[in-house]
1. Is it the case that Arg185 is surrounded by fewer than 18 Cβ atoms within 10 Å (Cβ to Cβ), closer than 25 Å to Ser10 by Cα and either touching a residue at least 24 places away in the same chain (Cβ under 8 Å) or within 19 Å of the chain's Cα centre (by Cα) (or both)?
2. Residues of the stretch 311-359 being under 27 Å from the mean Cα position of the chain (by Cα) and over 30 Å from Gln442 (Cβ atoms), which ones?
3. Tell me which of these Ser10 doesn't satisfy, since it passes every other one: (1) touching a Lys or Arg at 6+ places or on another chain (Cβ under 9 Å); (2) assigned to a helix (DSSP H, G or I).
4. Going by the structure shown, is Leu375 surrounded by 14 or more Cβ atoms within 10 Å (Cβ to Cβ), touching a Leu at 6+ places or on another chain (Cβ under 8 Å) and more than 29 Å from Pro240 (Cβ to Cβ)?
5. If you check Ser225, Ser253, Ser271, Ser290, which single one turns out to be outside the structural domain of Gly391 (by TED's automatic domain parsing), crowded, with 20+ Cβ neighbours inside 10 Å, more than 15 Å from the chain's Cα centre (by Cα) and not basic (Lys, Arg)?
6. Glu71: within 28 Å of the chain's Cα centre (by Cα) and among the acidic types (Asp, Glu), yes or no?
7. Quick check on my filter: what residues within the stretch 323-337 are crowded, with 18+ Cβ neighbours inside 10 Å and assigned to a helix (DSSP H, G or I)?
8. What's the number of the only condition in (1) surrounded by 15 or more Cβ atoms within 10 Å (Cβ to Cβ); (2) over 23 Å from the mean Cα position of the chain (by Cα); (3) among the acidic types (Asp, Glu) that Asp119 fails to meet?
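The values are calculated or read from the model by the stated rules, or taken from the named source; none is laboratory data. Since this is a predicted model, take the numbers as computed values, not measurements. Ideal geometry is used to build each Cβ from the backbone, glycine not excepted, and the neighbour counts take in all protein chains shown.
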Amino acid sequence: MHVLKFGGTSMDNAQNWHRVLNIIRQYKQPFIVVSATARTTRQLLNAAQTALSDPEQAQKEVLNIQQRHLELVANFLHECSSHAPAVGDRCKQWIYTQGKRLMRRLDNIHHARHLSERDKDAVLATGELLSSYLLAQCAEACGLSTHWIDAGRVIRTDSNFGDAQPDIDCIRSYISQEMQSIASRQIPIMGGYYGKNAGGDFTTLGFEGSDFSASIVGAALSARSIEIWTDVSGIYTCDPRIVANARPVPNLSFEEAGQLAHFGAKVLHPSTTWPAARKNIPILVKNIFSPCQPGTTISTEGGTNGLAKAMALKNNMVTLTVTAERPMPAENLLGAMFDLPEAKRLSMQILTLTGTSFTAAVEQADAGRKLIPVLENLGYVEIIEHQSIIGLVGCTPRLSSILMGHMLDSFDAEMLSLLSFNPTKRILNAVVDERNVIPAVQALHRRLFLESQ
């Protein structure tokens, strides 16, 4: 069994759907997980937010989503067999059914004058409900035998809407039951990103969570591999949109790939690696436009690669330095902070402890108005905004001084506010001023991955 996940770009148009099916045909026992079509999730989010004040505009968004999917199916079926009319009718019915469900939900949001996280997840799940069912039907029209799986039947989660955590034991049982009902030659096709809680409410696994869904399914099935099919040939030494001459990294460890995702790399959802790592199932990141390219293999052993393996950039960060007003070890001060309700779900990207103070890098959205006043009850708070994190992963510990030298040479002294190296995790982090970060990242990449090779 191989689990294949196809992302939003792969699902964007009829031509890409044919590419997807050509890839699927190469596998004897695939299990398919798909994202929503490109831009659909953001459009659904916009519809949910707009419904609060402008229900007519929200309905226009829904009609636009319906029309895009109707055109996609029509374009796809234009090149298919005599089964196309019946398939087309089923697809139209499904699109209209999901549209009506969505309209009702948006109407409820408008009348409630409140967009709850529960309602938001119910709206956002629509993208994968559409794409997965429609792909399964269209694949049938092209001669493939498929079995559509509603992820809500098998992906059981908690009720942490927007960032739900999977119940692995339940999922393993539900998927096993589902697989028993599938004929030997049928190809399971399921939407990623969403599931349901024990009460039957829609939940989502976090933005871009379809990768996570694929890894969960792969672990539940003890798959031979989990393949993430996207529009780039693997994970690169840096984001190619920032560094034009970035190169694919052939091999990464599970931890290295997870660190890159955590520090801003866009190829994988940050939680993707851990279900696969628990079962030691390799993850392959491949390109639907160049399927013969090897891409990146993520496994237990990531191999070695000079000074560092890759780097990632995360913008919209803030550094918070909290200094105790009375003598108190930094560890105690940090513990006191996490006892605060406002800090329970605070995600610290980088943390350093010094004497009676700690400095943390957090996302701009987390450093909100509610958090800062309560931190001021613990001590003096210094805030630096407009920060970015640069994370170098797969660093060679014995060469850490050289790495730090390259880092310092690439940034003006006034840009750098925090620098830390973790030899156990083999990661070097820097927090820098985001306003001039791109040229500095390009210079650092050149030093690490071009000049030093």
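1. On the way: surrounded by fewer than 18 Cβ atoms within 10 Å (Cβ to Cβ): yes; closer than 25 Å to Ser10 by Cα: yes; either touching a residue at least 24 places away in the same chain (Cβ under 8 Å) or within 19 Å of the chain's Cα centre (by Cα) (or both): yes.
Criteria met by Arg185.
2. Scanning the stretch 311-359 gives Phe338, Pro341, Glu342, Ala343, Lys344, Arg345, Leu346.
3. Single failed check for Ser10: (2).
4. On the way: surrounded by 14 or more Cβ atoms within 10 Å (Cβ to Cβ): yes; touching a Leu at 6+ places or on another chain (Cβ under 8 Å): yes; more than 29 Å from Pro240 (Cβ to Cβ): yes.
Yes, satisfied.
5. Details: Ser225 fails: crowded, with 20+ Cβ neighbours inside 10 Å; Ser271 fails: more than 15 Å from the chain's Cα centre (by Cα); Ser290 fails: crowded, with 20+ Cβ neighbours inside 10 Å.
Result: Ser253 is the single residue among Ser225, Ser253, Ser271, Ser290 that is outside the structural domain of Gly391 (by TED's automatic domain parsing), crowded, with 20+ Cβ neighbours inside 10 Å, more than 15 Å from the chain's Cα centre (by Cα) and not basic (Lys, Arg).
6. Numbers: within 28 Å of the chain's Cα centre (by Cα): yes; among the acidic types (Asp, Glu): yes.
Considered against the rule, which asks whether it is within 28 Å of the chain's Cα centre (by Cα) and among the acidic types (Asp, Glu), Glu71 comes out as yes.
7. Ala330, Leu333, Leu334, Met337
8. (2)
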